[in-house]
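S.K.: The structure that follows is given in the form of structure tokens.
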Amino acid sequence: KSKSDSDSDTMNKKGSLSTTTSEFEKRAYESGILGPNSSKPAQDLDTLRLCLARRRNSTHPSENAHEKYHRLLSGSHNGITAPYDIQFKIMKGYNGRQYGKMNGRAITHIPEEDFNKGLSNPIPDRLEGLVTDELPSHMHSHALHSTNSLALCHFTTEFKRTDGNLHQARYQTACDGATLVYARKHALAQAAAAAAAVPGHSSDIEKAAKETAVLTCVTNGKFAEVFAHHFQDGEYHQNLVACETCFPIPTEAVS
């Protein structure tokens, strides 16, 4: 993980469990952060899956591009270079003024609640959301970091090297997703309170609050899984919504 520009954003809670420890998954489950096999489906899960399965108009990579990507993955032998090698090839870029992304920065501006007590702060390999400076001042308290932050974040990615532990990455994204769902819920509640005096705005925010908007992705460069996250019955749920092969697997590798 890369260093943050703020010392407070690189420190974890004292006595917290790291995502790499064997106890982490058990503690997260007991705290109400459920993995895909234990989660209940979101009400709009089918709609999300259809949306992600929709045919895109983007151009398919050439055979030469696939070969270059395959060689790139072959050289991504460690957890430091792999995220950068992979993300710049398979992640779609967007440069809107209000939209921002961060790499390897701990989410520290979330209070300790029942769901994250005793767990280390999430450090997504990639985090995407709205730039705090572009939001109204009453939304700044819902930023995910103490300085130069994002808010209303809706997407994280955990990258692993080609032989990396995707099971571990799924539980990392379960915690990433739970944190973003928690933050989004409280930010929208604040926005609804501020918009109550403006006709029509409250209904839009209420509609947004009912939608499953937080997505996470895990990938090792060969395969990618996308999950949707929501809060239901006092627990945070994680549902698989898409699974893709990032490049064709040679036929000789298939038994």
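The values are calculated or read from the model by the stated rules, or taken from the named source; none is laboratory data. Since the model is a prediction, treat every value here as computed from it, not as a measurement. Every residue, glycine as well, gets a Cβ built from its backbone with ideal geometry; the counts of neighbours run over all protein chains shown.
S.K.: Could you grab me the full set of residues in the stretch 102-160 that are acidic (Asp, Glu), under 12 Å from the mean Cα position of the chain (by Cα) and not in a loop (DSSP other than H, G, I, E, B)? Working first, answer last.
M.R.: Our first condition is that a residue be acidic (Asp, Glu); within the stretch 102-160, this holds for 112-114, 125, 128, 133-134, 158.
From what's left, under 12 Å from the mean Cα position of the chain (by Cα): 125, 128, 158.
Passing the criteria: Glu128, Glu158.
S.K.: Report yes if Asp9 is among the acidic types (Asp, Glu), at pLDDT below 90 and within 22 Å of Asn121 (Cα to Cα), otherwise no.
M.R.: Values: among the acidic types (Asp, Glu): yes; at pLDDT below 90: yes; within 22 Å of Asn121 (Cα to Cα): yes.
Answer is yes for this residue.
S.K.: Can you tell me which residues in the stretch 126-152 are at pLDDT 90 or above and either aliphatic (A, V, I, L, M) or in contact with a Pro (Cβ under 7 Å, 6 or more places away or on another chain) (or both)?
M.R.: Leu127
S.K.: What number goes with the only condition from (1) more than 18 Å from the chain's Cα centre (by Cα); (2) modelled with pLDDT under 85; (3) aliphatic (A, V, I, L, M) that Ile86 does not pass?
M.R.: Of the numbered conditions (1) more than 18 Å from the chain's Cα centre (by Cα); (2) modelled with pLDDT under 85; (3) aliphatic (A, V, I, L, M), the odd one out for Ile86 is (1).
S.K.: Name every residue in the stretch 46-67 that is at pLDDT below 80 and of a type outside the set (D, E, K, R), in order of residue number.
M.R.: Narrowing the stretch 46-67 to residues at pLDDT below 80: 55-63, 65-67.
The answer is Asn57, Ser58, Thr59, His60, Pro61, Ser62, Ala65, His66.
S.K.: State yes or no: is Ser146 farther than 14 Å from Thr19 by Cα, of a type in the set (Gly, Ala, Ser) and free of Cβ contacts under 8 Å to residues at least 12 places away in the same chain?
M.R.: Details: farther than 14 Å from Thr19 by Cα: yes; of a type in the set (Gly, Ala, Ser): yes; free of Cβ contacts under 8 Å to residues at least 12 places away in the same chain: no.
No, not satisfied.
S.K.: Of these, Ala169, Ala189, Ala183, which one is in a helix (DSSP H, G or I), without any contact (Cβ under 8 Å) to a residue 24 or more places away in the chain and under 17 Å from Val214 (Cβ atoms)? Break it down stepwise before answering.
M.R.: Values: Ala169 fails: without any contact (Cβ under 8 Å) to a residue 24 or more places away in the chain; Ala183 fails: without any contact (Cβ under 8 Å) to a residue 24 or more places away in the chain.
Selected residue: Ala189, the only one of Ala169, Ala189, Ala183 that is in a helix (DSSP H, G or I), without any contact (Cβ under 8 Å) to a residue 24 or more places away in the chain and under 17 Å from Val214 (Cβ atoms).
S.K.: Could you pull out the residue among Ala187, Ala196, Ala191 that is touching a strand residue (DSSP E or B) at 6+ places or on another chain (Cβ under 6 Å) and of a type outside the set (Asp, Glu)?
M.R.: On the way: Ala196 fails: touching a strand residue (DSSP E or B) at 6+ places or on another chain (Cβ under 6 Å); Ala191 fails: touching a strand residue (DSSP E or B) at 6+ places or on another chain (Cβ under 6 Å).
On inspection, the qualifying residue turns out to be Ala187.
S.K.: Next question, about the same structure. Quick test for you: out of Ile80, Ile33, pick the one residue that is buried (at least 16 other Cβ atoms within 10 Å of the Cβ) and either farther than 30 Å from Ala209 by Cα or at pLDDT 75 or above (or both). Even if it seems obvious, please write down each step before you answer.
M.R.: Numbers: Ile80 fails: buried (at least 16 other Cβ atoms within 10 Å of the Cβ).
None of the other options fit; the residue is Ile33.
S.K.: Let me confirm something: among Thr157, Thr179, which residue is β-branched (Val, Ile, Thr) and touching a Cys at 6+ places or on another chain (Cβ under 6 Å)? Working first, answer last.
M.R.: Details: Thr179 fails: touching a Cys at 6+ places or on another chain (Cβ under 6 Å).
Sole residue among the options that is β-branched (Val, Ile, Thr) and touching a Cys at 6+ places or on another chain (Cβ under 6 Å): Thr157.
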